[in-house]
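To start, the structure itself, in structure tokens.
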Ligand SMILES: NC(=O)c1ccc[n+]([C@@H]2O[C@H](COP(=O)([O-])OP(=O)(O)OC[C@H]3O[C@@H](n4cnc5c(N)ncnc54)[C@H](O)[C@@H]3O)[C@@H](O)[C@H]2O)c1
């Protein structure tokens, strides 16, 4: 099978995950690693027999390269997506699309104009349990969706400065979950109300960020979704969702790390949940990349795509405004 040559921008946490998953594919070849951090970039490129550069343009000028994974810091996604679109590359962009709604819109405009495949890294959609909930809603098992509840509490978080560069809690973590809610509700978001603060790390406030938040999101259909976010737990990476409809309720439950229970006297002690997000969701990064390669090979549309990224970004920006003002905020939908 001919291998699609890929450039990877960003050799950090997510870049290393994508590099490993690309290396495991028979139809892909990691040709370039681009990073402004030479030590990181060189090490990752060396580990996969790829070339290293600090210049996105140099990698994009390689006529063999057909696809780019954008795994750089959120605040430079826009520059990288625009360069990739101009070069006619298929793009897999990590979430969030950008650090602003305008930036995300410019990215979507550029990929639409270029007509390239443009995936967004909403890997949660590829989780087997979340996807089964989606498919059973689509099959009508619980009737029209009325309420959704999504919980995401990280086991621990980056420093306030690093977390801010990633986009802050409401964008960085939130976009995964607004996308899931829209996908499951099968409706467009219209208004969001959020409340958040720094309950355990005042340092986040210096960057206009929060460590704890709750949101209420309203859809055109009338359905409501609630979100419960935290940057730390005392018991592992905690993520669940449930969807309530007229004919029943579907849940994507907590996954235990192992299926072991100790029964002793009047107590039962069971295995806990995964220690971190990667342990819980590792297979979803592989599946999301597989869907991207199917789209690139088949010349078909990717789902989720950058427009899904823009929708989630619109929710995120409205949620940030709501938390700052204490008022519900209408969601900008003129992009659709
Ligand atoms: N889908 C997911 O579940 C998931 C998980 C983690 C991170 N992410 C996203 O991936 C992105 C990166 O996150 P991370 O945790 O890997 O961050 P990171 O800080 O570990 O890595 C980012 C890398 O980008 C590089 N970089 C910054 N500016 C650059 C530029 N101009 N040109 C080239 N390289 C540049 C940095 O040097 C760094 O090596 C973020 O947008 C984040 O939200 C997504």
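Structure summary
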{"quantity": "Subset of the range 40-58 [within 12 Å of the ligand (Cβ to nearest atom) and touching a residue at least 40 places away in the same chain (Cβ under 8 Å)]", "calculated": "56"}
{"quantity": "Filtered residue count, the range 256-311, keeping only those that are within 14 Å of the ligand (Cβ to nearest atom) and assigned to a helix (DSSP H, G or I)", "calculated": "18"}
{"quantity": "From the options 317, 321, 332, residue that is surrounded by fewer than 21 Cβ atoms within 10 Å (Cβ to Cβ) and modelled with pLDDT of 95 or more", "calculated": "321"}
{"quantity": "Residue count for the range 111-136, restricted to those that are farther than 13 Å from residue 309 by Cβ and more than 19 Å from the chain's Cα centre (by Cα)", "calculated": "6"}
{"quantity": "Scope the range 223-242; condition in contact with a strand residue (DSSP E or B) (Cβ under 8 Å, 6 or more places away or on another chain) and either farther than 26 Å from residue 273 by Cα or free of Cβ contacts under 8 Å to residues at least 12 places away in the same chain (or both); matching residues", "calculated": "223, 224"}
{"quantity": "Flag if residue 137 is in the same structural domain as residue 204 (by TED's automatic domain parsing), touching a helix residue (DSSP H, G or I) at 6+ places or on another chain (Cβ under 7 Å) and surrounded by fewer than 24 Cβ atoms within 10 Å (Cβ to Cβ)", "calculated": "yes"}
{"quantity": "Single residue of the range 138-156 satisfying the filter (in a loop (DSSP other than H, G, I, E, B), within 16 Å of residue 212 (Cβ to Cβ) and touching a strand residue (DSSP E or B) at 6+ places or on another chain (Cβ under 9 Å)) that is farthest from the ligand (Cβ to nearest atom)", "calculated": "155"}
{"quantity": "Per-region count, the range 59-77, residues within 11 Å of the ligand (Cβ to nearest atom) and under 24 Å from the mean Cα position of the chain (by Cα)", "calculated": "9"}
{"quantity": "Where a residue in the range 1-23 is not assigned by TED's automatic domain parsing to the domain that holds residue 85 and its partner, wherever it lies, is within 9 Å of the ligand (Cβ to nearest atom) and assigned to a loop (DSSP other than H, G, I, E, B), with Cβ under 8 Å and at least six apart", "calculated": "none"}
{"quantity": "Members of the range 17-37 found to be surrounded by 17 or more Cβ atoms within 10 Å (Cβ to Cβ) and near the ligand (Cβ under 8 Å from one of its atoms), listed by number", "calculated": "17, 34, 35"}
{"quantity": "Subset of the range 63-101 [in contact with a strand residue (DSSP E or B) (Cβ under 7 Å, 6 or more places away or on another chain), part of a helix (DSSP H, G or I) and surrounded by fewer than 22 Cβ atoms within 10 Å (Cβ to Cβ)]", "calculated": "none"}
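The values are calculated or read from the model by the stated rules, or taken from the named source; none is laboratory data. All values derive from a computational prediction rather than experimental measurement. Glycine also receives a Cβ, built like all others from the backbone with ideal geometry; neighbour counts cover every protein chain displayed.
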